[in-house]
1. For the range 326-441, what does the relative contact order come out to in percent, with C-alpha contacts under 8 Å and a separation of six or more?
2. How would you classify the range 2-187 from its alpha-carbon gyration tensor, with a ≥ b ≥ c the square roots of the eigenvalues: rounded for a/c under 1.5, else prolate if a/b is greater than b/c, otherwise oblate?
3. Once each part is reduced to its C-alpha centroid, what is the distance from the range 131-147 to the range 213-247 in angstrom?
4. Could you check the simple spin-label distance between residue 224 and residue 390, using points 7 Å along Cα→Cβ, in nm with one decimal?
5. Run the quick spin-label model on residue 423 and residue 129: label points 7 Å from Cα toward the beta carbon, then report their separation in nm to one decimal.
6. Report the paramagnetic label zone for residue 92: residues of the range 116-137 whose backbone N is under 13 Å from a point 7 Å from Cα along the Cα-to-Cβ axis.
7. What is the distance, in nm, between label points placed 7 Å from the Cα along the Cα-to-Cβ direction at residue 147 and at residue 439?
8. Can you work out the FRET efficiency for the pair residue 245 and residue 60, with r the C-beta to C-beta distance and R0 = 35 Å, to the nearest 0.05?
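FYI, it's all coordinate maths here, none of it is from the lab. Every value quoted in this text rests on a predicted model; they were computed, and no experiment measured them. Note: ideal-geometry Cβ built from the backbone for every residue, glycine included; neighbour counts use all protein chains shown.
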């Protein structure tokens, strides 16, 4: 109750709760406090502060079966709210009424806070096999437990939570699936909150489509008992990959560059708005390796002409197969290079001093660039580049593609004919770069 919780929060040297012997044990105190605070939130959901404090108290305790049990209790309390965020159906989700939370669900900040706490809570749920089983569970099962005989004394409610959790634990695959959905919802919420002028391309309506192909039919996400339904292994879906692409692009809502760092790894993690760590967690929940996610991120930086930041990444020693995936980098980077080269060609055609240089370029390469740029339009970004990329930076991108295609071929990857296309692009960009430099040295400035 609210009164019980206030005993925990009383200012002073000794809150009332400390005079109760059974709670004179920090981990037990934190667990019990988490339960009471979560119930406070359930009674009055308009403020998410009690929920935040509940999960914070819970996360401060060591890994244990008791902690996982309480985390499952808190998740079950906020699970219906997550279901309502995905689909506003109060007839199916009856734990909360429309009068209680209807208006709150319209508040993006409130919904984002609830989703974040649900994500934190579910991350604390561990399978019973990974933590030590308390000795008192056997006594409790045989109805022979004496709560006061234990040191410290046991709390009956916490014992009941732990026993029920051990008896019927969540399935790890279901936990992983819903954790991924919560991360996706967090990315969506951040994107929507950051989209002050232009609407975000990410929507909670997309969440059901992000379920793995092996997800059981007839069990909507965040429905009652969702964590007990096993989810089979499946390959990442097109919807999941497309969502991850949009999520990466939506992270670039700030114009502040990442900047250099003495720690190379920090370059890849210093993502504005939503971090690469979060995006990597999302990808991992769908079976997309971290190296692929990092490479998708690099391609997105190329798309936004943030080439200087990419140079820091690629020259910092983070170019191994464990950190970046050559196949993903080359596939996406080649599309970027084709679009850039087509833009450069169009610019040359408009410049009398440079137009003649196009006759030096292989005609078939020009045609491929034109077709490739049409077949792979640039993704819509909330923060488009302020000006077109230079020929110099585009040439550098193509040289990187050459290097990574060699890496891909050396490790059994690569695509037939792709090396020839990249090599042709490098010749084309080198010719146009040389001609542009000649014109510049001759005193004629490209318009």
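1. The normalised contact order for the range 326-441 reaches 41 percent.
2. Note, shape of the range 2-187 comes out oblate.
3. So the two Cα centres are separated by 36 Å.
4. Label-label distance for residue 224 and residue 390, simple model: 6.4 nm.
5. A separation of 5.1 nm, rounded to one decimal place.
6. none
7. 8.4
8. So, using R0 = 35 Å, E works out to roughly 0.45.
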